[in-house]
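Working notes for the structure below.
The values are calculated or read from the model by the stated rules, or taken from the named source; none is laboratory data. Just so you know, these numbers come straight off a predicted model, no measurement behind them. Quick reminder, even Gly has a Cβ in these numbers, built from the backbone with ideal geometry, and neighbours come from all protein chains shown. When the accessible area is computed, the model is the full protein with side chains, heavy atoms only, and any ligands, DNA or RNA have been set aside. Shrake-Rupley method; radii C 1.70, N 1.55, O 1.52, S 1.80 Å.
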Amino acid sequence: MHISKLSKKIFIPLLILLCFLTFLLVRVLTYSYFINRRFRACTNTIFTADVSANPLNLHYTLAYPESTGIKDYSLSLGAFDPTQLSAQKILLENRRNLINSFPTKDLSPDNQLTQQILSLYYETQLLPANQYLLDETLSPSLGTQAQLPVLLAEYTFRNKDDVQNYLKMLTSVDTYFESILTFEKQKAKNGTFMSDTTVDRIIDQCSAFIQNPEDNYLDSVFSEKIQSLSGISDQKKAAYQKLHHQILTGQVLPAYQSLIDGLSLLKGSGKNPGGLCQFTGGSAYYEYLIKSSCGVYDTVPEIQSRLIRQFQTDLSAASQLMGDNTATQAFASEVFLPIINTQTGGNASKALTFSAGLIDTASGLSFTSTPASAEDSPEQILKTLQKQIQNDFPDAPSTSYEVKYVHPDLEEHLSPAFYLTPPIDTLSPNDIYINRHANMGGLELYTTLAHEGFPGHLFQNVYFHSICDLPIRSLLGYPGYTEGWATFVELHSYTYAGLSEDAASLCAANQAAILSLYATADMGIHYEGWTLDDTATFFGTYGFTDEETIRDIFELIVGEPANYLKYYIGYLEFHDLQADMKKQNPDTYTDSDFYK
């Protein structure tokens, strides 16, 4: 091909410029590639360090840790020692600075999000400062002593090493509990020990767990798991069973008894029967709990105002749906002003129900089919829910699950239901526990399984890990996000339960209003300083007058601050996100797009 001299004069500089731009592009892409690779390596190093520090965390996070290069890890539960504040503060600051040192603009969108989340996480964990003596690892339902038996029972045996690791870990329970008791003594000395009522509840829970030492259910669970394990001789299995019984009766159950004895001696040291704000620095610590557990950074007054607005909206909607039901209309109209005056001035053993009866056959709200039959088993309900959500929610990987029941020894002290997250490298087993003590059935059981299973916790967890391959994200616990999502879709599940559209909306508004009262009481007790009488007055405004129920609620909120906020404030965040999306896309919005 012939090229003129003039063409050559133009072509050669263009070729040089093109080569230079190509070089720059390759240089930029190479730089970006290595920046992102280094960021992933950094977060994976942090993940490995954190997950290896506790054998229970490791086992429940990774089924096969050796496949990720984790070979050396502790088999001891260690010691509960929040007094190592200065060292922890330095670690958090160093990690925050390290994560922020990566140039955000050069990170991929996924890595940018992870950087933002980690930076905020470390910043939040630095907030408590010297308020560590307000921390509490023991509580009636969510404390270490309450959850440990379930975690031990669900510890999966995949091979002989799992059995040996489990037995080794059991031998550290007594020293771990000793460290917790040492911390409780420090709290007692400092004047920040728990109330006598909370002590009694924890002691009752521990006593129930150890009441039959020679027939403890952990022994029978261990036997079942060891017998089903292949590759081990019957003689070796018998030896393991004998050793387990010796450790259980010689160390684990005595550790619970020592905890009982220690707490009994400390009983009376707690001078505050009320909320966190009664302690020096307690209000600030409560604000930290809202940030760390709920993931919400609004002030408490801002949150309270948001709750008032939504409460009024829900009761107004319920009133309109009730139509000509004058009793309910009167009830709804009476609560608007009182709740405003009050505000400006898991898992109670008994649930609140509106005395006016927001669901009434006289209201004209009809069922389109038989709603959530009480005869359906939990397995049948979950199978039905899986099918019902297919049109609204994104596809998630196929997964197995099993419904189990809380052991009778623990029924009185655990939540009505809960879901145990599986290891991220297997995404199984998925276990949903139901507490028979809660006596759930029909519509209540249906919506509870929607919360725990589909499209709640189980669905959210499996779907998330199918699209996110960053291990570090699995260690960041934001209950406000997980419980908020589960509560949000639980209320949505009324639309699947065989109810008419109006009846489903009414049930959702009713449930949301009740959750709002729990959350309002939580903030009232821990931030405003409500007493039991104040709490009774607040609930009495809305027709709740049963003294035993109100006392139950008050004591549970005192023992587990900010717990109810995770559910309701988290729900409101999703509610507001949905409203924003509808506003921004009025012509194209669909629920399925939002859920995805």
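What the table shows:
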read-out: Dipole-positive endmost among Gln164, Leu107, Gln145 within the stretch 55-164 (Cβ charges, Cα centre); value: Leu107
read-out: Accessible area, probe 1.4 Å, largest first, for residues Ser316, Ser67; value: Ser67, Ser316
read-out: Under 5 Å, built H, 5+ apart or other chain: amide partners of Tyr73; value: none
read-out: Filter on Lys189/Lys267; Lys291/Lys596; Lys168/Lys242; Lys168/Lys236; Lys185/Lys291; Lys105/Lys291 - keep pairs with C-alpha separation over 23 Å; value: Lys291/Lys596; Lys185/Lys291; Lys105/Lys291
read-out: Of every Cα-Cα pair in the stretch 376-448, the percent that sits beyond 20 Å; value: 38 percent
read-out: ³J(HN,Hα), Karplus 6.51/-1.76/1.60, whole Hz, each residue of the stretch 92-107, x for Gly, Pro; value: 5, 5, 5, 5, 4, 5, 5, 4, 6, 6, 7, x, 4, 5, 8, 8
read-out: R0 of 45 Å, Cβ-Cβ distance Ser86-Ala208: FRET efficiency to nearest 0.05; value: 0.70
read-out: Debye, to nearest 20: dipole size of the chain, +1 on Lys, Arg Cβ, -1 on Asp, Glu Cβ; value: 3240 debye
read-out: The stretch 140-248: radius of gyration and largest Cα-Cα distance (Dmax), Å; value: 16.7, 55
read-out: J(HN,Hα) series, the stretch 403-409, from Karplus relation 6.51 cos²θ - 1.76 cosθ + 1.60, nearest Hz, glycine and proline x; value: 8, 10, 10, 4, 5, x, 5
read-out: Karplus 3J(HN,Hα) series, Hz, for the stretch 544-559 with 6.51 cos²θ - 1.76 cosθ + 1.60 (x for Gly, Pro); value: 9, 10, 5, 5, 5, 5, 5, 5, 4, 4, 4, 5, 5, 5, 4, x
read-out: Alpha carbon centroid spacing (whole Å) that separates the stretch 505-568 from the stretch 449-501; value: 24 Å
read-out: Listed residues Ile90, Ala509, Thr421: farthest to the positive end of the dipole of the chain (Cβ charges); value: Ile90
read-out: Hypothetical label at Lys189: residues of the stretch 265-290 whose amide nitrogen lies under 15 Å (7 Å Cα-Cβ projection); value: 266
read-out: Euclidean distance between Cα centres, the stretch 235-299 to the stretch 129-162, Å; value: 8 Å
read-out: Ellipsoid semi-axes in whole angstrom, largest first, where each is sqrt(5λ) of the Cα gyration tensor of the stretch 392-533; value: 26, 20, 18
read-out: The stretch 102-194 - Kirkwood radius from inverse mean 1/r over Cα pairs (Å); value: 17.1 Å
read-out: Dipole of the chain, positive direction: furthest Cα of Ser269, Gln246, Leu476, with charges on the beta-carbon; value: Leu476
read-out: Over the stretch 40-130: Kirkwood hydrodynamic radius from C-alpha pairwise inverse distances, Å; value: 14.8 Å
read-out: Highest-first arrangement of 269-279, 93-103, where packing means the average Cβ count within 10 Å; value: 269-279, 93-103
read-out: FRET efficiency, Glu66 to Asp200 (Cβ-Cβ, R0 45 Å, nearest 0.05); value: 0.50
read-out: The chain, helix-only ellipticity at 222 nm - DSSP H runs n ≥ 4, -39,500 (n - 2.57), divided by all residues, nearest 500; value: -19000 deg cm²/dmol
read-out: Within the accessible area of the chain (1.4 Å probe), percent carbon and sulfur; value: 52 percent
read-out: Accessible area expressed per residue, the stretch 176-323, with surrounding protein chains retained (probe 1.4 Å, Å²); value: 44 Å²
read-out: Cβ-derived FRET efficiency at R0 41 Å, Lys383 paired with Asp587, nearest 0.05; value: 0.70
